[in-house]
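First comes the structure, then the notes that go with it.
The values are calculated or read from the model by the stated rules, or taken from the named source; none is laboratory data. Values in this document were obtained by computation on a predicted structure and should not be read as measured data. Here the Cβ positions follow ideal geometry from the backbone for every residue, glycine too, while neighbour counts run over all protein chains shown. Ligands, DNA and RNA are excluded from the accessible area calculation, which covers all protein heavy atoms including side chains. Shrake-Rupley method; radii C 1.70, N 1.55, O 1.52, S 1.80 Å.
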Amino acid sequence: IPFQGFYSASKFAIEALTETLRMELMPFGIRVTMLEPGDFKTGFTDNRIFASQSSTNPAYQASCQRAVAVMERDEQHGAAPIELARTLATVIEKRSPRPRYAIGMLAQRLAIWLRRLLPNRLFERGIMAYYKVGRL
């Protein structure tokens, strides 16, 4: 997600750790799975903290503001967190859970699949268009 590098990096790290633990712990009967939540209606939007230069650097200011506006819209129109809790409860009860579960708005779940199917350049253009960054 544009302007969410640290956030995205932490998600990638958790994904790698989860995949590794899944293989390492499988022989012991321990099942590891990953929930990939999209945007949910929480206090996240109101508590967002910006790096000091993100709102003043003219090279990024307009693009960052447009991207964050899209993020905030998606967060404010996301599902209630109880939906995530219900999915978690369902996954916990499964005897053989899938390696991952994408949860959230259709566009966000679709993006996960498109990332795997589309060439990188085309996928990146779609993401940039969605978040209104780049050449507009």
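Among the protein heavy atoms of the chain, carbon and sulfur supply 62% of the accessible surface, probe 1.4 Å, non-protein parts ignored.
Listed by chain and number, the lysines whose alpha-carbon sits under 30 Å from that of Lys132, ignoring those within fewer than 8 places in the same chain, are Lys11, Lys41. Taking only the Cα atoms of the range 1-72, the radius of gyration and Dmax are 17.0, 54 Å.
By the gyration tensor of its Cα atoms, with a ≥ b ≥ c the square roots of the eigenvalues, what is the shape of the range 59-136: rounded for a/c under 1.5, prolate for a/b over b/c, or oblate? Cα axes put the range 59-136 in the oblate bin.
Taking a sphere under 15 Å around the Cβ of Gly29 and counting the other residues whose Cβ falls inside, with K and R at +1 and D and E at -1, yields a net charge of +3.
Residue-normalised convex hull volume from the C-alpha trace of the chain: 129 Å³ per residue. Each residue of the range 37-43 is assigned a 3J(HN,Hα), and the resulting list reads x, x, 7, 10, 6, 9, x Hz, derived from the Karplus form 6.51 cos²θ - 1.76 cosθ + 1.60 (θ = phi - 60°), x at Gly and Pro. Simple rule: put +1 on each Lys or Arg Cβ and -1 on each Asp or Glu Cβ in the range 26-136, find the dipole, and look at Pro58, Ser96, Ala80; the Cα lying farthest toward the positive end is Ser96.
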